[in-house]
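Visitor: Let me give you the structure first, and then I'll get to my questions.
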Amino acid sequence: MSPSPNAPIGIFDSGLGGLTVAAAIAARLPSERTLYLGDTARVPYGNRSPATVVRYARNNVAFLRERGVKLIVVACNTVSAQGLGGLADGGHLPIIGVIRPGARAALAASEGEIAVLGTPGTVRSGAYEQAIHEIDPQRVVRAYACPLFVPLVEAGWLNHPVTYKVAEEYLSPLIGTGVDTLILGCTHYPLLRGVIDEVATRLLGRRLRIIDSAEAVAAAVEGFLDEARLRATATPRRRFFVTDAPEGVEEIAARFWGDAVGEPLKLEHVDLVDKG
Ligand code: DGL
């Protein structure tokens with residue numbers, strides 16, 4: 001049975017960073033209903049083994065599937081990089097990850113080498129290199145793990161001197177390379193876009209094009225819905241679930257959600273059953 005156009009789009013992430021993707025989807029597709037799931041009880045995924053990441057991701061998919069979503073957006077680079085193939089579960093639910101849209105947007109923007117910043121898991125997987133090389137096998141891609149960026153964002157240190165120092169450390173390997181485009185390959189990094197832009201410009205003496213995969217994913221979702229004739233016509237409703245207590249994380253959630261949509265965020269709690 002084909003899904004109803006007015007069914008929600010399911011979006012999940014290891015935590016709250018995927019709200020940057022949810023916000024981009026809400027801004028680009030304001031008539032769509034969305035159902036967001038942040039696995040805040042088990043975040044971060046970025047340092048875990050691929051098997052564990054896939055197991056957690058399958059729980060998230062099962063939750064969204066049970067709620068009748070028409071499409072699942074994996075708003076997490078770590079899951080998209082390591083586990084997208086293991087998520088279909090024999091079902092026919094379309095699944096869109098963040099890697100391919102980000103890779104395509106980078107290729108469209110770049111005339112030189114492409115750099116990717118991501119979690120250790122994403123970088124280890126080589127998923128961005130693979131996605132870029134599927135389109136352009138000769139392209140030089142340089143990937144850098146930036147494990148400290150996620151806790152810095154979670155702590156709200158978006159303009160802190162320590163964050164600038166860490167960014168300098170992570171970006172200095174770009175000196176002397178031909179990189180002209182940088183992919184923010186983690187859902188948390190769009191909040192550090194200003195810092196990354198400033199530090200990279202200072203270190204390299206030129207400005208890099210910065211690809212925020214949130215925007216690229218929203219465009220990919222729009223393209224998919226148009227092609228599948230699944231654009232919603234109903235009044236939109238947005239719900240946000242987290243697997244740990246919502247109290248105490250509203251502030252950081254609001255930071256990721258931003259104000260582009262002009263709608264406040266209300267987090268609801270859900271317990272996920274880990275079926276292994
Ligand atoms: N959401 C993850 C990603 O985009 C970052 C946080 C984590 O490590 O779980 O890779």
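The values are calculated or read from the model by the stated rules, or taken from the named source; none is laboratory data. None of these values were measured; they are calculated from a predicted model. No Cβ is skipped: glycine too gets one built from the backbone with ideal geometry, and neighbour counts run over all protein chains shown. For accessibility, only protein heavy atoms count, side chains too; no ligands or nucleic acids. Shrake-Rupley method; radii C 1.70, N 1.55, O 1.52, S 1.80 Å.
Visitor: Pull up the stretch 173-199, narrow it to residues that are among the aliphatic types (A, V, I, L, M) and farther than 22 Å from R104 by Cα, then point me to the one that is farthest from the chain's Cα centre (by Cα).
Guide: Initial filter on the stretch 173-199 (among the aliphatic types (A, V, I, L, M)): 174-175, 179, 182-184, 191-192, 195-196, 199.
Cutting the leftovers down to farther than 22 Å from R104 by Cα gives us 175, 195, 199.
Working: I175: 27, V195: 19, V199: 22 Å.
Among those that are among the aliphatic types (A, V, I, L, M) and farther than 22 Å from R104 by Cα, it is I175.
Visitor: Among residues belonging to the stretch 97-112 that are out of contact with any Ser or Thr (no Cβ under 7 Å at 6 or more places or on another chain) and in a loop (DSSP other than H, G, I, E, B), point out the one that is nearest to the ligand (Cβ to nearest atom).
Guide: G112
Visitor: Out of the residues in the stretch 28-70 that are of a type in the set (K, R) and open to solvent by 50 Å² or more (accessible area, probe 1.4 Å), state the one that is farthest from L225 (Cα to Cα). Give the derivation first.
Guide: Residues of the stretch 28-70 of a type in the set (K, R): 28, 33, 42, 48, 55, 58, 65, 67, 70.
Filter once more, so that each one left must be open to solvent by 50 Å² or more (accessible area, probe 1.4 Å): 28, 33, 48, 55, 58, 65, 67.
Values: R28: 12, R33: 13, R48: 32, R55: 28, R58: 23, R65: 17, R67: 19 Å.
Checking each candidate, the answer is R48.
Visitor: Restricting the first residue to the stretch 40-55 and requiring it to be under 26 Å from E247 (Cα atoms) and aliphatic (A, V, I, L, M), which pairs with a second residue that is more than 9 Å from the ligand (Cβ to nearest atom) and open to solvent by 30 Å² or more (accessible area, probe 1.4 Å) meet a Cβ separation below 8 Å and a spacing of at least six or different chains?
Guide: Pairs that qualify, where the first residue is under 26 Å from E247 (Cα atoms) and aliphatic (A, V, I, L, M) and the partner is more than 9 Å from the ligand (Cβ to nearest atom) and open to solvent by 30 Å² or more (accessible area, probe 1.4 Å), are A41/D244; A41/L272; V53/Q82.
Visitor: Next question, about the same structure. Please list, ordered by residue number, the strands (runs of 3 or more DSSP E) wholly in the stretch 113-219 having 1 or more residues that are touching a residue at least 60 places away in the same chain (Cβ under 8 Å), of a type outside the set (D, E) and within 26 Å of S14 (Cα to Cα). Please lay out each step first, then the result.
Guide: Working: elements: 113-118, 141-145, 179-185, 209-212.
Here the list reads 113-118, 179-185, 209-212.
Visitor: I've got another one for you. Of all residues in the stretch 219-234, how many are crowded, with 19+ Cβ neighbours inside 10 Å and farther than 23 Å from A108 by Cα? Let's see the steps before the verdict.
Guide: Step one: filter the stretch 219-234 for residues crowded, with 19+ Cβ neighbours inside 10 Å, giving 220-221, 225, 230, 232.
Filter again for farther than 23 Å from A108 by Cα, leaving 230, 232.
Of the residues in the stretch 219-234, 2 are crowded, with 19+ Cβ neighbours inside 10 Å and farther than 23 Å from A108 by Cα.
Visitor: Of the residues that sit in the stretch 201-235 and are in contact with a strand residue (DSSP E or B) (Cβ under 7 Å, 6 or more places away or on another chain) and small (G, A, S), which one is farthest from G118 (Cα to Cα)?
Guide: A220
Visitor: For the subset of the stretch 202-218 comprising residues that are small (G, A, S) and at pLDDT 95 or above, which member is least open to solvent (accessible area, probe 1.4 Å)?
Guide: Once the filter is applied, the top-ranked residue is A218.
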